[in-house]
Amino acid sequence: MSAPVQSDVAIIGGGIMGASAAFFLRRHGLSVTLLETDKVGRQASGTNFGNVRRQGRPIFQLPLANRASRIWRTARELLGSDVEYLQSGHMRVCFSDRPENVGAMEDYATKAREEGLDLEILTGNTLRARFPWLGPEVLAGSHSAMDGHANPRLAAPAFARAAIAAGAQVFEDTRITGAAKIGDDFELEADDGRLFRAPVLLVTAGAWAGKIATQFGEDFAITPRAPTMSVTEPVPYAIEPSLGVMTALEVETVYFRQVERGNIVIGGSTRAPSYPDEYRSYVLPESTMTQFEHIRRLAPVLANLSIIRVWTGIEGYMDDSLPVMGPSSNVPGLYHAFGFSGAGFQLGPGVGETMAELIATGATDIPLAPYSPDRFGK
Ligand SMILES: Cc1cc2nc3c(=O)[nH]c(=O)nc-3n(C[C@H](O)[C@H](O)[C@H](O)COP(=O)(O)OP(=O)(O)OC[C@H]3O[C@@H](n4cnc5c(N)ncnc54)[C@H](O)[C@@H]3O)c2cc1C
């Protein structure tokens with residue numbers, strides 16, 4: 001049996017949270033081991049819709065989202081590779097059967113502005129002149145010029161490659177089955193018996209994080225869910241903003257974005273069955289069809305496009321839809337960052353930088369109280 005791999009920090013889970021944390025921890029000069037069951041970025045971080053949007057989040061989350069936004073904008077230079085981040089704007093719209101949402105949009109924009117997110121509320125002729133492809137049922141839009149979308153398949157691997165170039169050790173095909181604190185070190189055992197040791201452990205295992213936390217006597221109810229995605233054939237690039245609906249109805253919660261190659265990526269909140277233990281989730285055709293009904297309301301020009309691929313991915317949801325982020329108050333040296341509840345892709349680089357800062361310096365200016373692991377009891 002080979003000797004345990006020792007580092008300052010071990011990270012379990014190579015999605016965008018773990019990969020970006022590894023990258024930023026190296027920038028603080030700490031040695032890092034990133035451990036991933038499968039390949040980096042193959043789960044939620046690689047299967048998501050790709051929205052890099054700040055609006056629609058709780059106002060108190062904007063400092064973290066702003067931090068992430070700054071990293072997305074410089075990702076190409078920072079990582080030395082292209083993650084297809086396109087700052088083409090993000091717009092939330094509401095339908096005319098819910099006019100009360102316009103007031104809610106305006107209210108949100110006022111509060112968001114105080115946190116540094118500039119939103120422009122567009123209605124009537126101004127809205128139609130800017131976005132003539134919007135359907136007649138669309139009443140108003142809240143437009144953020146400084147947001148957009150990126151390619152999920154590229155992002156986490158790009159962070160991992162940059163982390164490796166900066167000196168991190170990344171172990172793919174390495175599922176951690178045993179985790180314990182022995183003396184000052186965490187000892188982690190992979191399913192093939194390899195051992196990893198570090199005085200600090202960061203758990204970024206997404207929908208699977210509960211299994212690791214349980215080994216430290218911590219109980220988090222994480223519900224796995226699988227939003228349904230699809231993509232159309234390519235058509236000439238014409239729709240700049242990534243678009244989503246502001247609505248309280250899950251069935252109406254649909255969104256789409258056009259990539260520069262021309263395909264329209266479509267997503268929605270209707271969930272498909274997911275089986276995290278088997279690393280499987282399944283598309284329900286009826287969800288795709290229902291999403292398309294509402295996509296047509298948003299942009300009738302898309303009505304006749306053919307869907308060429310459908311997929312889902314498994315994400316962990318907490319009961320209050322907020323992530324768990326911060327140090328464990330039970331086990332010194334144990335840190336958590338998981339449960340991003342369907343909205344963690346945009347936050348990813350900001351989470352990685354914040355967790356690295358917290359681990360390396362013991363503090364961060366980003367407000368983490370709403371995400372405290374303690375809010376679920378011990
Ligand atoms: C279909 C879909 C659409 C979404 N759309 C968006 C969007 O448009 N915008 C947005 O902001 N967010 C979106 N999200 C949410 C976003 O994708 C997630 O919040 C984010 O990717 C979570 O990243 P993560 O690193 O925490 O988790 P993951 O990417 O799931 O990574 C966790 C990793 O941990 C590994 N792991 C688990 N257990 C172990 C173990 N025991 N040992 C070693 N490794 C382990 C897993 O294999 C996995 O790779 C979407 C999610 C899904 C599923």
For residue 95, other-chain or 5+-apart residues with amide H closer than 5 Å (H placed, Pro excluded) are 139
J(HN,Hα) series, the stretch 290-301, from Karplus relation 6.51 cos²θ - 1.76 cosθ + 1.60, nearest Hz, glycine and proline x: 5, 4, 5, 4, 7, 4, 4, 5, 5, 8, x, 4
Choose one answer from 272, 156, 19: the residue with the largest mean-square fluctuation in a GNM of the chain with alpha-carbon springs under 10 Å. 272
Each label point is 7 Å from the Cα along the Cα-to-Cβ direction; what then is the distance between the points at residue 98 and residue 31, in nm? 5.3 nm
By the Kirkwood definition, with r running over pairs of different Cα atoms, the stretch 131-225 has a hydrodynamic radius in Å of 17.5 Å
Across 236, 273, 349, the residue with the highest GNM fluctuation in the chain (Cα network, 10 Å cutoff) is 236
Taking amide H positions as placed in the peptide plane 1.01 Å from N, state which residues far from residue 336 in sequence (5 or more) or on other chains have amide H under 5 Å from it. 203, 326, 328
Run the paramagnetic zone check for residue 289: 7 angstrom along Cα to Cβ, then residues of the stretch 303-332 with backbone nitrogen under 18 Å. 303-311
Nearest-ten-degree value, helix 16-27 long axis tilted from longest Cα axis of the chain: 60 degrees
Name the most mobile residue of 73, 27, 113, meaning the one with the largest mean-square fluctuation, in a Gaussian network model of the chain with Cα contacts below 10 Å. 113
Tell me, what ³J(HN,Hα) does each residue in the stretch 357-373 have, in order and in whole Hz, if you take phi through Karplus 6.51 cos²θ - 1.76 cosθ + 1.60 with θ = phi - 60° and put x for Gly and Pro? 5, 4, 5, 6, 10, x, 8, 8, 7, 6, x, 10, 3, x, 9, 3, x
Charged-residue dipole, Cβ positions (Lys, Arg, Asp, Glu), the stretch 11-140 about Cα centre, Debye nearest 20: 380 debye
Looking at the chain, what % of its DSSP beta bridges pair antiparallel, to the nearest 5? 70 percent
How far, in degrees from 0 to 90, does helix 62-73 lean away from the longest principal axis of the Cα atoms of the chain, to the nearest 10? 90 degrees
Per residue of the stretch 96-110, in order, report the coupling 6.51 cos²θ - 1.76 cosθ + 1.60 (Karplus, θ = phi - 60°) as ³J(HN,Hα) in whole Hz, putting x for Gly and Pro. 5, 7, 10, x, 4, 5, 5, x, 5, 5, 5, 4, 4, 4, 4
Angle between the Cα long axis of helix 152-165 and the longest principal axis of the chain, 0 to 90 degrees, nearest 10? 30 degrees
Please report 71, 12 as a ranked list, fewest other C-beta atoms within 10 angstrom at the top and most at the bottom. 71, 12
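Length gain on complete extension for the stretch residue 82 to residue 172, per 0.36 nm per residue less the alpha carbon to alpha carbon distance?
That pair, residue 82 and residue 172, stretches by 30.2 nm at full extension.
Rule-based calculations on the coordinates, nothing more; no lab input. Predicted, not measured: the structure shown is a model, and the values here were computed from it. Heads up, the Cβs are rebuilt from the backbone with ideal geometry, glycines too, and the neighbour counts pull from every protein chain shown.
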